[in-house]
Amino acid sequence: MEKILISACLYGHAVRYDGNDNLVTHPFLDKWKKQGRFVVLCPEVSGGLPTPRPPAEIQADGNVTTITGNDVTAAFQAGTQTAVKLCRQHGIKLALMKENSPSCGSRFIYNGQFDGTKITGQGLTAAALTDNGIRVFSEYQLDELAYALESLDA
């Protein structure tokens, strides 16, 4: 049975920077949870960052800084390494990650100016997963994820 890496906030864990979650409820997720398909991870927390924490965004130079100016790139990179390692351990080929996140965004991230503007791009973890052959989907792509999973299960 194929496993799916899922962002902990989407799974309902209160690990967002503001101490909340981004719980997604959907029949697909209920089914996959019952099947035991999920491997749950928050790359930022696994990289050593606390909850809550100041919001962070990827800067033009590729580093990740908080709104207060602290460089948290090393923690983001550590979480990225954990995600890739988990995927290798479990043979994971698919991931469901939180869109817009500086770790998990698969298609969009914030522009690094802390002004709420989104740009095309990937978070550090999503990019590393993609580079390692893992297909990354956001919470807005559940139908596409279901199709990919069905293809792998066939």
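The values are calculated or read from the model by the stated rules, or taken from the named source; none is laboratory data. Predicted model only: the values in this text are computed from it and were never measured. We place every Cβ from the backbone using ideal geometry, glycine too, and count neighbours over all the protein chains shown.
Here Q77 meets each of (1) within 29 Å of H26 (Cα to Cα); (2) within 14 Å of the chain's Cα centre (by Cα) with one exception, condition (1).
Filtering A126, A148, A95 for residues that are under 15 Å from V24 (Cβ atoms) and either at pLDDT below 95 or among the hydrophobic types (A, V, I, L, M, F, W, C) (or both) leaves a single hit, A95.
Is there a residue in segment 97-109 that is free of Cβ contacts under 8 Å to residues at least 60 places away in the same chain and over 15 Å from the mean Cα position of the chain (by Cα)?
no
Taking the conditions (1) exposed (fewer than 14 other Cβ atoms within 10 Å of the Cβ); (2) part of a loop (DSSP other than H, G, I, E, B); (3) not aromatic (F, W, Y) in turn, E144 satisfies each one other than (2).
Among the residues of segment 45-83, those identified as surrounded by 19 or more Cβ atoms within 10 Å (Cβ to Cβ) and closer than 13 Å to A128 by Cα are F76, G79, T80, A83. Considering segment 108-134 alone, what residues qualify as being surrounded by fewer than 17 Cβ atoms within 10 Å (Cβ to Cβ) and either touching a helix residue (DSSP H, G or I) at 6+ places or on another chain (Cβ under 6 Å) or among the charged types (D, E, K, R) (or both)? Within segment 108-134, D115, K118, D131, N132 meet the criteria. Taking (1) touching a residue at least 60 places away in the same chain (Cβ under 8 Å); (2) more than 18 Å from the chain's Cα centre (by Cα) in turn, E150 satisfies each apart from (1).
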